[in-house]
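The values are calculated or read from the model by the stated rules, or taken from the named source; none is laboratory data. Bear in mind the structure is a predicted one, so any value in this text is a computation, not a measurement. Cβ coordinates were reconstructed from backbone atoms using ideal geometry, including for glycine residues, and neighbour counts include every protein chain displayed. Heads up: the accessible areas ignore ligands, DNA and RNA and are worked out on the full protein's heavy atoms, side chains in. Shrake-Rupley method; radii C 1.70, N 1.55, O 1.52, S 1.80 Å.
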Amino acid sequence: MDKYEDFISTVSHELRTPLTSIRGFSQTMLESWDKISDSDKKKFLKIIEEQSVRLINLVENMLFTATNFILKDVALKPCVEAVVSVLKNRYPTRVFKIDISEKLPAVLADKDKLHQVLTNLIENAAKYSDSDITISAAQVQNLISIKVTDTGIGIDEKDYEKIFEKFSRVDNPLTRKTEGSGLGLYITKNIVEQMNGQINVTSGAGLTTFEVRLPISNLEARVRCSQ
Ligand SMILES: Nc1ncnc2c1ncn2[C@@H]1O[C@H](COP(=O)(O)OP(=O)(O)O)[C@@H](O)[C@H]1O
Ligand SMILES: [Mg+2]
């Protein structure tokens, strides 16, 4: 099997699994409505909802790699706040701390795609930990460094590179328990690099940090003007 066929077969599997489950549970409910208890109905609807979210995430991530990039000035703090307000509803038990100065220079990025990058990283932090998540940002020379930190299960150093590969998930009891396609970080890295940025991960002493570095927008503009 070549690489393309391999990709298609994995994508088909990833799409089919949630679709089969949505179809199966809705069919069962329609056919046996009167025989199913209220609590089972609720359980089935919950599964349908979860699998729809999984499908939406997958499709959104796949679409994001296929569309053009429009790089513009983006204020980071409102973007992080928008992402957090959505994730707060999805993960009501998590506390999201945002530590970003109002004075931070804008980044040069595609706003929608930056939104997707932040969603992927912050959602992972929420999925793979059960405590507070901190999103901070600071200027480092000509770049803005954005850090998403959690205090969850962590990642072994030997897996630092592997997790950015497509469809790769680290096998542990928590990943087995949580839904995921293993596509998020692969796409995240892809998007960050297409916006002239870098991404890295460090994990140890109970802290896991994903760092994204992106160019400062006004600096890029200044460089362009002087050319
Ligand atoms: N914050 C984190 N803490 C611990 N493990 C993580 C974290 N983020 C990602 N991972 C590991 O990296 C894998 C790949 O992540 P990702 O590409 O987003 O896929 P998914 O979340 O769909 O499994 C995850 O399955 C998990 O094993
Ligand atoms: Mg993920």
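Structure values in brief
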read-out	value
Filter result for G154 (in contact (Cβ under 8 Å) with a residue 60 or more places away in the chain, closer than 30 Å to P18 by Cα and either open to solvent by less than 50 Å² (accessible area, probe 1.4 Å) or within 16 Å of ligand 2 (Cβ to nearest atom) (or both))	no
Residues (more than 10 Å from ligand 2 (Cβ to nearest atom) and either among the aromatic types (F, W, Y) or out of contact with any helix residue (DSSP H, G or I) (no Cβ under 7 Å at 6 or more places or on another chain) (or both)) located in segment 176-193	R176, K177, E193
Checklist (1) part of a strand (DSSP E or B); (2) open to solvent by less than 40 Å² (accessible area, probe 1.4 Å) applied to G180, failing item	(1)
Any hit, segment 58-66, residues being touching a residue at least 24 places away in the same chain (Cβ under 8 Å) and not in a helix (DSSP H, G or I)	no
From R16, R90, R23, R54, residue being closer than 24 Å to K177 by Cβ, of a type in the set (D, E, K, R) and surrounded by 14 or more Cβ atoms within 10 Å (Cβ to Cβ)	R54
Filter result (in contact (Cβ under 8 Å) with a residue 40 or more places away in the chain, more than 14 Å from the chain's Cα centre (by Cα) and buried (at least 16 other Cβ atoms within 10 Å of the Cβ)) within segment 130-142	A137
Test result for A126, within 12 Å of the chain's Cα centre (by Cα) and not polar (S, T, N, Q)	yes
First in segment 178-195 and without any contact (Cβ under 8 Å) to a residue 12 or more places away in the chain, second anywhere and hydrophobic (A, V, I, L, M, F, W, C) and buried (at least 19 other Cβ atoms within 10 Å of the Cβ), Cβ under 8 Å, 6 or more apart	E193/I199
Criterion: open to solvent by less than 50 Å² (accessible area, probe 1.4 Å), more than 9 Å from ligand 1 (Cβ to nearest atom), among the small types (G, A, S) and within 26 Å of T67 (Cα to Cα) - qualifying residue of S145, S168	S145
Any hit, segment 36-48, residues being closer than 25 Å to G184 by Cβ, small (G, A, S) and open to solvent by 50 Å² or more (accessible area, probe 1.4 Å)	no
Enumeration of residues in segment 190-221 that are open to solvent by 70 Å² or more (accessible area, probe 1.4 Å) and part of a helix (DSSP H, G or I)	E193, Q194, N218
